[in-house]
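One structure is given here, and the rest of the page talks about it.
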Amino acid sequence: MHEYSIAYDLYATARTAAHEHKATKVKKISVEVGKMAMVNPDQVVFLFDTIKDEDPLFRQAVLECREVSPKTKCPCGYAGDEIYICPICGALPELVRGREIVVTNVEIEVED
């Protein structure tokens, strides 16, 4: 169940950012999850909610996962979303996007 370690890493990343900016509250963490990352975003959100329960800084935090479609390229010049067979030459295209899990934004509150 690698979703737990991913959820924990997202929590830890957001917590580090919150502490660096002296946050009083974490409101939202936005994440892009590649469809080829082999991760269930709903499970990650569920596990994140379980992990954050113990931390008052995250009490009302929301994890927002957005799935990202894969993008590929082929030495023949093809660039697109075909992941198994290049429609131009029939080769296996290289996956250039779609496996990553990236924190794109951490929304926090700070004291004035």
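The values are calculated or read from the model by the stated rules, or taken from the named source; none is laboratory data. Quantities reported herein were computed from a predicted structural model and do not represent experimental measurements. Cβ coordinates were reconstructed from backbone atoms using ideal geometry, including for glycine residues, and neighbour counts include every protein chain displayed.
If the condition is being part of a loop (DSSP other than H, G, I, E, B) and in contact with a Pro (Cβ under 8 Å, 6 or more places away or on another chain), then region 11-38 contributes no residue at all. Out of region 54-91, which residues are among the polar types (S, T, N, Q) and surrounded by 12 or more Cβ atoms within 10 Å (Cβ to Cβ)? Residues satisfying the conditions are Q60, T72. For region 1-53, which positions are aromatic (F, W, Y) and either surrounded by fewer than 19 Cβ atoms within 10 Å (Cβ to Cβ) or at pLDDT below 95 (or both)? Within region 1-53, Y4, Y8, F46 meet the criteria. Looking at K73, K27, K52, just one residue is charged (D, E, K, R) and over 18 Å from the mean Cα position of the chain (by Cα), and that residue is K73. Candidates P70, P75, P87: the one that is touching a Phe, Trp or Tyr at 6+ places or on another chain (Cβ under 7 Å) and more than 25 Å from H19 (Cα to Cα) is P87.
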